[in-house]
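The values are calculated or read from the model by the stated rules, or taken from the named source; none is laboratory data. Computed from a predicted model, the values in this text were never measured in an experiment. In this analysis, Cβ positions are derived from the backbone assuming ideal geometry, glycine residues included, and neighbour counts consider all displayed protein chains. The accessibility values were calculated without ligands, DNA or RNA, using every heavy atom of the protein model including side chains. Shrake-Rupley method; radii C 1.70, N 1.55, O 1.52, S 1.80 Å.
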Amino acid sequence: MRASVYYLFICGIGLQLTLSFAVVVVDAICQIVQRHGAECQVHRVQTADGYQLTVQRIPPPRNQSCSPLLQPFVLMHGLIGSAGDFVAAGRAGALAFQLHARCFDVWMPNARGTTQSRRHRTLSASEAAFWDFSWHEIGVYDLPAIVERVLHVTGQGRVHYVGHSQGTTVLLVLLAQRPAYNAKFASVSLLAPIAYLQHLSSPPLRLLASDPGGGVMLLLNHLGLHELLPATSLTQVGGQLLCSPSLPTYALCMLITSLYVGFSEYPLDRSIFPRILETTPAGISRGQLLHFGQLINSGKFQQYDYRSTQLNLQHYGQTTPPSYQLKNIRLNLMLFYGNRDALSSRMDVQRLVRELSNCRIKLFQVRGFNHIDFLYAASAPQRIYKHIIQQATEWGINK
């Protein structure tokens, strides 16, 4: 089993090396939004450390019945995802469209290093230095810049926030490291939250993380790879062809996906998989992957381990990376997790709830859901989104 996982990993890297010249840069997300009859704007946001991010915005309908005082939503994607995660399920099923239909102003960022956020003030995406980040930097640099831009453009004082997977991780990082930002969130909903990963059950991810000799790191160093799983023309077209619901290979696509995210009790609409592949994968840094692997192995929610006593001392003033101080978070939170999720387990979510000791939390177990059902399941609007909309409506007027 370990050999097969490494084989898939190395094959994926080989494909990446072959196709690295063909990175897709068209704004596929706005194309999807416009295809469903909604307006889409593109905003550029620069972080304090120089990364230039793309944020898609679906402004509220031009309807006199819509209150101008409703606070905006920020929807933050997970690992290998993008803003496209929140529109791929279409007008009837995607969270962004559900919110837009109820007069909310919807902002969908793309984290540094993803397909549409590959620019920097001084660095090129072809340079190793560009990719010298993990999800820690997305939390402490990307999110503050995004929130400040949304508040500036809308004139509101707070935002509603929905994060999925890594999108939950980076919010926890922001609020633990910069607690003044607690005051800038009107409501927060965390879908498939990721902080503690001790009980992760995804076989491929657990096997990769358990590599005691650092073989993945050695392989990446040998190949000179700093970016992983970028969007390329061939991977997008090939993925859509191989995962077409009319082909026998569709079952293989679903099997591989389920091994990573869990086996759902609610099979995806067969037509949605090619739509997901229009924007996924969107690329990550190897630091993001290694940082999550560190959480799996350590059982802690902590900053990046440089695997060097000297470097840890240089960055943190101690030999081991410090844990994130979740007691700094003081918000009303809604957390949703699925009992079929292979990444966000019940035990790890319950531990997170205990550590968020200064928060008032509503915890929802969604039976039958795996890690991506929160984005794509046909029942997500009724089982998940209605709670988000209800809470935002109750807290939705800027006071």
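Can you give me the distance in nm between label points at L313 and N339, each placed 7 Å from the Cα along the Cα-to-Cβ direction?
With each label point 7 Å from Cα toward Cβ, the separation is 5.1 nm.
Specify the inter-centroid distance of the range 325-399 and the range 171-196, based on alpha-carbon positions, in whole Å.
12
When all protein chains stay in place, what accessible area (Å², nearest 10, 1.4 Å probe) is found for H199?
80
With a 10 Å radius around each residue's Cβ, average the other Cβ atoms per peptide and rank 55-62, 378-385, highest first.
Packing proxy ranking, top to bottom: 55-62, 378-385.
Between the range 42-98 and the range 278-321, how many Å separate their Cα centres?
Going from one Cα centre to the other spans 28 Å.
With charges set only on the Cβ (+1 for Lys and Arg, -1 for Asp and Glu), what does the dipole of the range 301-372 come to about its Cα centre, in debye to the nearest 20?
For the range 301-372, the charge dipole is close to 340 debye.
Percent of accessible area on the chain owned by carbon and sulfur, 1.4 Å probe?
56
Could you list which residues have their amide H under 5 Å from that of M76, counting only those 5 or more apart in sequence or on another chain, with H placed in the peptide plane?
Residues meeting the criterion, in which the H sits 1.01 Å from N, are V162, G163, H164.
Arrange the residues R360, R367, R275 by how much accessible surface each exposes, largest first, with a 1.4 angstrom probe.
Highest to lowest solvent-accessible surface, that is R360, R367, R275.
Determine the per residue accessible area of the range 295-350 with all protein chains present and a 1.4 angstrom probe, expressed in square angstrom.
I get 49 Å² per residue for the range 295-350.
How much accessible surface area, in Å² rounded to 10, belongs to the heavy atoms of S202 with a 1.4 Å probe?
0
For Q46, what is the net charge nearby, where nearby means another residue's Cβ is under 12 Å from its Cβ and Lys, Arg count +1, Asp, Glu -1? Walk me through the numbers on the way to the answer.
Details: positive: R44, R112, R119, R121, R149; negative: D49, D142, E148.
That works out to +2.
How do the peptides 64-73, 86-95 rank, highest first, by the average count of neighbouring beta carbon atoms within 10 Å per residue?
Highest to lowest by the protection proxy: 86-95, 64-73.
What relative contact order, as a whole-number percentage, does the chain give when Cα pairs under 8 Å and 6 or more residues apart are counted?
21
Provide, as a two-decimal number, the C-alpha radius of gyration of the range 117-193 over 2.2 N^0.38 Å, N being how many residues it has. Can you show the working numbers first?
Details: Rg = 13.7 Å, N = 77, 2.2 N^0.38 = 11.5 Å.
Here the Cα radius of gyration is 1.20 times the empirical estimate.
When only Cα pairs under 8 Å and 6 or more residues apart are kept, what is the percent relative contact order across the range 51-180?
Answer for the range 51-180 is 34 percent.
Determine how large the accessible area of T154 is when every protein chain is in place; take a 1.4 Å probe and give Å² rounded to the nearest 10.
Rounded to the nearest 10, that gives 40 Å².
Quickly estimate the mean residue ellipticity at 222 nm for the chain, helices only: each DSSP H run with n ≥ 4 gives -39500 (n - 2.57), and the total goes over all residues, rounded to 500.
Result for the chain, helices only: -10500 deg cm²/dmol.
Apply the a/c threshold of 1.5 to the C-alpha gyration tensor of the range 308-366 and tell me whether it is rounded, prolate or oblate. Each step should come with its number before you reach the end.
On the way: a/c = 4.31, a/b = 1.85, b/c = 2.33.
Here the range 308-366 falls in the oblate category.
Going by the alpha-carbon gyration tensor, a ≥ b ≥ c the square roots of its eigenvalues, is the chain rounded (a/c under 1.5) or, if a/c is not under 1.5, prolate (a/b greater than b/c) versus oblate? All intermediate terms of the calculation are to be shown ahead of the outcome.
Values: a/c = 1.34, a/b = 1.16, b/c = 1.16.
Rounded, since a/c falls under 1.5.
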